[in-house]
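Nothing in this text is a laboratory measurement; each read-out follows from the coordinates by a stated rule. Here the structure is a predicted model, which means the values were calculated and not measured. Because the Cβ atoms are built from the backbone with ideal geometry, glycine has one as well, and the counts that use them run over all protein chains shown.
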Amino acid sequence: MVGELEFERPITELKKKIAELKSFMEEKGIDLTDEITSLEERLSALQEDTYENMSAWDRVLVARHPERPTTLDYISYLFKDFIELHGDRLYGEDEAIVGGIGMFHGQPVTVIGQQRGRDTKENIRRNFGMPHPEGYRKALRLMKQAEKFSRPVICLMDTKGAFPGKSAEERGQSEAIARNLVEMAGLHVPIICIVIGEGASGGALGIGVGNHVHMLENSWYSVISPEGAASILWKDSTKAKLAAESMKITAPDLKELGIIDEMIPEVKGGAHHDPAEQAKRIEAVIQSSLEELMNLSEEELVEQRYEKYKNMGKFTFVNDSIAVK
Amino acid sequence: MLKDFFAKKKKYATIPTEKMKQDVPEGLMTKCPECKHIMYTKELKKNLLVCQSCQYHYPMSSFERLGSLVDEGSFTEYDRNMISENPLEFPGYLEKLDSDRKKTKINEAVVTGDATINEHPVVIAVMDSRFRMGSMGSVVGEKITRAIEQAVEKELPFIIFTASGGARMQEGILSLMQMAKTSVALKRHSDRGLLFISVMTHPTTGGVSASFASVGDYNFAEPKALIGFAGRRVIEQTIREDLPEDFQTAEFLLKHGQLDKVIPRHEMKETLTNVLKIHSGRGE
């Protein structure tokens, strides 16, 4: 099976066995219906068990699945009359971020998202979905344009991180991301952000400051990739699995921590099993977010963002001036 | 055997331990890590922790920095008692915080408050790289945000001296969210027409460089300070190309249009005073 993930192997094995039995029954004309029914029951229980109890690492694998729907896939399902717009007007065009205008249920919107490639050739063109400063500056240009024409902004986040390279540093990767954070904080139109795959650090956050932030069930969002965390914390990038579990990076974790507004359930086994159905689920969440946010005034939108982020963080106070035990 | 007549060469260079490094500045004499010039520690301190021979800028603690900038007796500290929790229940995190508190005699990696600089009132935040590498967790983000809110309320300029390795891994996503939190506060400050000066000192990288450090109305830096988004090693591994000697230094950023000015420590107070004077409209 193409794109089969390690934790799904027992399911694939069982499916194979059922198929074998079925063909055997047809060939030899022996009635094996009882056996097949019992195996099918076992399969559905196994699927239930596997997909209900996915570990953080399983989710990371699903989020990285080569067939997982990308920003442009969802755009084709979600927005009518979409026109892609290019370039930051300052340096160049970065295909790791796509953006444009379109219609959502009769409402004009601006859509921005990080874009992975589907194959090696496209991945090279799109720099594996790792944006340069010009990508973030293109995103900002489109957001300011949305503000001018009172269009809500929808951001789809999916990146392994902002590109770590010489050219990116020379052109101000830090400044490009930092500028977006500040400008998104003050944008006078609704911003809805959805993590659809990988949400790595500042590279994701660079288009991720929103009134509402949602996550697909099997996406991850973290201060650093599991591999990066493992190599910093334990000097061993092979401990990524352990890092994924302890860093609290999955949608259920982030929902519990109060970082995201909604976790969007995925189709069984992950979005790639049924992109059209997944798009419908995303559509419903965008719809309800928009309904809520379109009622807010410009000032209320900015105020809502202020309060949202102001409340993030855990700290305490001590009586002594220096808290040494 | 013949080879026994020759003294064995040591196979490895001796790397000074953390303790040895710490011991040096405490002593009577201090050796410059850059040019190996040896000077009296007292003289070095009088010289604002700048090597007299090669102008190497030693890292400064938050209070050393404040001492070199603000008018004597003018500093009022904010939120001194705020300390970190362990939101992800990360093993060993609380112990590390505790040992850094003992070592540095401060509660977290930033000191905030208000003060005057040559009689110009400001709200000021100074990060301290000795505390968890100056990394930003919930407390650092919250203290900086509260300081900015004070600046908004009092209609004062906000000045920050950054020194940070970036986000604090042990606080995970909460640490990332501090970038957004400080940004919403800075936006409000900026919308009121208030002045924000960012001074980047060694090192300013990762999440701190990719948030408040880079969006000052003026972005300044100390000479030779390391400033960048991604670590040098990560970049070398990613692109497999040689990086220039001065890569990610203050001078490199200046050359690429990312900084307004590189300011040696001796001129810092004077330059900041000058900017504050122009902004107060009370220049000559």
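Some notes on this structure:
- Shape category assigned to the stretch A:192-325 from the gyration tensor of Cα positions, a/c cut at 1.5: oblate
- Checking the Cα-Cα distances for A:Lys16/A:Lys280; A:Lys144/B:Lys143; B:Lys102/B:Lys143 against a 22 Å cut-off, the pairs over it are A:Lys16/A:Lys280; A:Lys144/B:Lys143.
- Acute angle (nearest 10 degrees) that the helix B:172-191 long axis makes with the longest principal axis of chain B, alpha-carbon atoms: 40 degrees
- For the stretch B:172-248: rounded, prolate or oblate by the Cα gyration tensor [a/c cutoff 1.5]: oblate
- The helix-only estimate of mean residue ellipticity at 222 nm for chain A, built from DSSP H runs of length n ≥ 4 each weighted as -39500 (n - 2.57), is -14500 deg cm²/dmol after division by the residue total.
- Extension gain from B:Arg192 to B:Asn86, taking 0.36 nm per residue of separation minus the Cα-Cα distance: 34.6 nm
- Panel order for A:Trp57, A:Trp234, by other beta carbons found within 10 Å of each beta carbon, from fewest to most: A:Trp234, A:Trp57.
- Of the residues A:Tyr74, A:Tyr136, A:Tyr91, the one with the fewest other Cβ atoms within 10 Å heads the list, and the complete ranking is A:Tyr91, A:Tyr74, A:Tyr136.
- Segment A:Ile232..A:Ser44, full-extension length gain: 63.6 nm, with 0.36 nm per residue of separation and the alpha-carbon distance subtracted.
- Global form of the stretch A:107-193, assessed from the alpha-carbon gyration tensor, a/c cut-off 1.5: oblate
- Helix A:133-148 axis, angle to chain A major axis (alpha carbon atoms, nearest 10°): 70 degrees
- Sites B:Val234 and B:Thr41 - FRET efficiency at Förster radius 30 Å, r taken between beta-carbons, to 0.05: 0.25
- For the protein assembly as shown, diffusion coefficient by Stokes-Einstein and Kirkwood Rh (Cα), 25 °C, 0.890 mPa s, µm²/s: 94 µm²/s
- As a proxy for reagent exposure, B:Met200, A:Met143, A:Met263 were ordered by neighbouring Cβ count within 10 angstrom, fewest first; the result is A:Met263, A:Met143, B:Met200.
- For the listed residue pairs B:Lys46/B:Lys261; A:Lys138/A:Lys239; A:Lys148/A:Lys310; A:Lys308/B:Lys154; B:Lys36/B:Lys277, the alpha carbons are over 28 angstrom apart in A:Lys138/A:Lys239; B:Lys36/B:Lys277.
- The slack in the chain from A:Arg89 to A:Glu4, taken as 0.36 nm per residue of separation less the alpha-carbon distance, amounts to 26.4 nm.
- Calculated FRET efficiency, A:Asn319 to B:Ser99, Cβ-Cβ distance, R0 = 22 Å: about 0.60 to the nearest 0.05.
- Here the spin labels are modelled as points 7 Å beyond Cα on the Cα-Cβ line, and at B:Gln55 and A:Arg281 they lie 6.0 nm apart.
- Sequence-distant lysines (8 or more away, or on other chains) whose Cα lies within less than 18 Å of A:Lys15: A:Lys268
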